[in-house]
Amino acid sequence: MRYVETAVIGQGLAGTAIAWHLANRGREFVLIDEGGFGSSSQIAAGLVTPITGARHVESWAWEKAFPLASQFYMNCEQVTQSRFWKVESAIRLFVSKEERERFDNRYQSDMSGSYSNSLIGSKARFETEVEQSKWRSAVQANYGGFVMPQAARLLTADFLKASRDHFDSTNRICAASINTSTDIAIERDVVTLKSVDIQCKQIVVCEGHSALQNPMFQPIELVPAQGDILTVRIPDLKLDRVLHAGCWIAPVMIDGSYDESLYHVGSTYRWAPLNGVPNEESLSILSDKLRSFIKLPFEVIDHRAAIRPAGFDHKPLLGNHPNYSNLWILNGLGAKGVLLAPWCAEMLINAMLLHQPIDIELAWNRKRKK
Ligand SMILES: Cc1cc2nc3c(=O)[nH]c(=O)nc-3n(C[C@H](O)[C@H](O)[C@H](O)COP(=O)(O)OP(=O)(O)OC[C@H]3O[C@@H](n4cnc5c(N)ncnc54)[C@H](O)[C@@H]3O)c2cc1C
C-alpha cells in the first residue's frame, strides 16, 4: 500500500490546479485520472475575457482571479518548459444596434468602476485595430465593437498534458477510475482508495459533472451544460486574435503560434441530453452564427462536445465535507474554468492546510434561495 498526504481525483482544470498548488508548497500528493480525452477541460477553447454574454457582464471575480491565473499559468509554463498561456487582447463585435446601445449605456454610466477599467481606450482602439488588420475585409462589423485589452487564452489540452508529464516524471500520476460509491474507505485519520492501493490523509475530488454520481457529496446543486465546439478551415481569413460576435472564433495554436488556416468556433449550451456526443443542431447553430460575421466560406473539419460542470448560480462549488474533515471537493467551474480554477484551488488548499475560511458564497452545499 502506497501512502501519500493527499489524493486528488480528476485531472481536469480543477484537479490540475489543486495539484500545482500542492506541488508549489512542497506537499506530497497523487493525481488520479481515468484518462480519455473527452472531458470538458480537454476540449475547452481556453478563452479568458473580462466581459461576457449579451449584456456585457464583467466576469465574476475577475479582479482577483485574473492576475492570479496569469501568474499561475506562467509559473507552470516555466516549470514545465512549455508554452500554453497567451495574454492578448480580444475583440467583441456588436451583433445589432440594440447591443451597441446597451453597451454604450452601461459603459458611460460606469466610467469609474472596475468594469470600465478593463475597457479603457477600447472603443478608439477598436476602430484602429480593425482598420489595420489583415482580416478587415473578411469580417462583417456593421455595428462596431470594442476591444478587451486584458484577455487571455490557455491551450487547455497542452496545459493538461504538460502538467501530467511533469507530475508523472516524479511518480505523482495514477491512471485509474475511482468508483466513489465502493472504492473509498474513510476512517478518522486515513482514507483508503482500495482499487489503487493508496492510503492518504485526505482526498480532494475534482470529477467534473460526474460529481452528480458521487454519494459522498450530496445533494450538490450542479447543473451541467453540454457544449459543442467546431474546428473549421478558412484559408484566407488571416485572423490573429479571438473575435466574439454571438459566438467566438479563435485561431488554432500549435506550439505557441497560430495556424494559418484553422480556427475553433464555439460554443453552445444544452441541458439535455447530456451525453458528450456532438449534436447536429449545435453544428447548424454555430455554422449560422459564424456565417453572420465571417464572409468567407468555411469547411468544418472537426466537431466535439463535452459536459461543463456548472453550479446552479454560475459560481464554483467547493469546500469540506460536513462530517469528514478529510474529504474535500472543487467543482462547478462552469464556463470559466481557466479563469477560476487557480484562484479556487488556492482557496481550497488554504482551507485544507491552513484552516482558512472558504467564502460562504462558494460553499459546495449551498442551496438555491427560495
Ligand atoms: C465546448 C466547451 C468550451 C469551453 N470553453 C471554455 C473556455 O473558452 N474558457 C473556459 O474558461 N472554460 C471553458 N469551458 C469550460 C471548462 O471546460 C470547464 O470549466 C472546466 O474544464 C471544468 O474542469 P473540471 O476539472 O472541473 O472538470 P472536467 O474537465 O470534467 O474534469 C474532470 C476530470 O475528472 C476525471 N474523473 C471524473 N471522475 C473520475 C473518477 N471517478 N476517477 C478518476 N477520474 C475521474 C475525468 O476523466 C476528467 O479528466 C468550456 C467547456 C466546453 C464544454
### Query
Along its principal axes, what span do the Cα atoms of the chain show, with the longest given first and each in whole Å?
64, 43, 40
### Query
How much length, in nm to one decimal, is gained on full extension between I186 and E281, taken as 0.36 nm per residue of separation minus their Cα-Cα distance?
29.7 nm
### Query
Between N323 and D259, what is the label-to-label distance in nm when each label sits 7 Å out along the Cα-to-Cβ direction?
5.0 nm
### Query
By a straight-distance test (C-alpha under 16 Å), which aspartates and glutamates pair with K64 as possible cross-link partners, with residues fewer than eight away in the same chain excluded?
E346, D359, E361
## Note on the structure
Fraction of alpha-carbon pairs in the stretch 286-363 farther than 14 Å apart, rounded to whole percent, equals 69 percent
### Message
If packing is taken as the average number of other Cβ atoms within 10 Å across a peptide's residues, how do 304-310, 337-343, 174-180 rank, most packed first?
### Response
337-343, 304-310, 174-180
### Message
Rounding to the nearest 10 and keeping the result within 0 to 90°, find how far the Cα-based axis of helix 280-293 lies from the longest principal axis of the chain.
### Response
40 degrees
### Query
Taking a ≥ b ≥ c as the square roots of the eigenvalues of the Cα gyration tensor of the stretch 46-85, is the shape rounded (a/c under 1.5), prolate (a/b larger than b/c) or oblate?
oblate
### Query
Helix 13-24: angle to the longest alpha-carbon principal axis of the chain, degrees 0 to 90, nearest 10?
60 degrees
### Query
Hey, what D do you get for the stretch 244-332 in µm²/s if you plug the Kirkwood alpha-carbon radius into Stokes-Einstein at 37 °C and 0.692 mPa s?
204 µm²/s
#### Entry: DSSP beta bridge pairing in the chain, given as percent antiparallel to the nearest 5
70 percent
### Packing-based ranking, highest mean first, of 12-22, 346-356 given that Cβ atoms within 10 Å are counted
12-22, 346-356
### Summary
Zone reached by a paramagnetic label modelled 7 Å from S133 Cα along Cα→Cβ, restricted to the stretch 140-166 with backbone N below 18 Å, covers 140-153
### Query
Suppose R0 equals 45 Å; then what is the FRET efficiency for Q140 and V79 from their Cβ-Cβ distance, rounded to the nearest 0.05?
0.60
### Extension reserve of the Q199-L274 stretch, reckoned as 0.36 nm per residue once the Cα distance is removed
23.6 nm
### Query
Quick one: which of 161-169, 224-232 comes out on top by average Cβ neighbours within 10 Å, and what's the full order, highest first?
224-232, 161-169
#### Entry: the stretch 211-292 shape via C-alpha gyration tensor axes, a/c threshold 1.5
prolate
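Each reported figure results from applying straightforward, stated rules to the coordinates on display, with no laboratory input. This is a predicted model, so every value here is computed, not measured. When we count neighbours, we look across all protein chains shown, and the Cβ atoms used for this are built from the backbone with ideal geometry, even at glycine.
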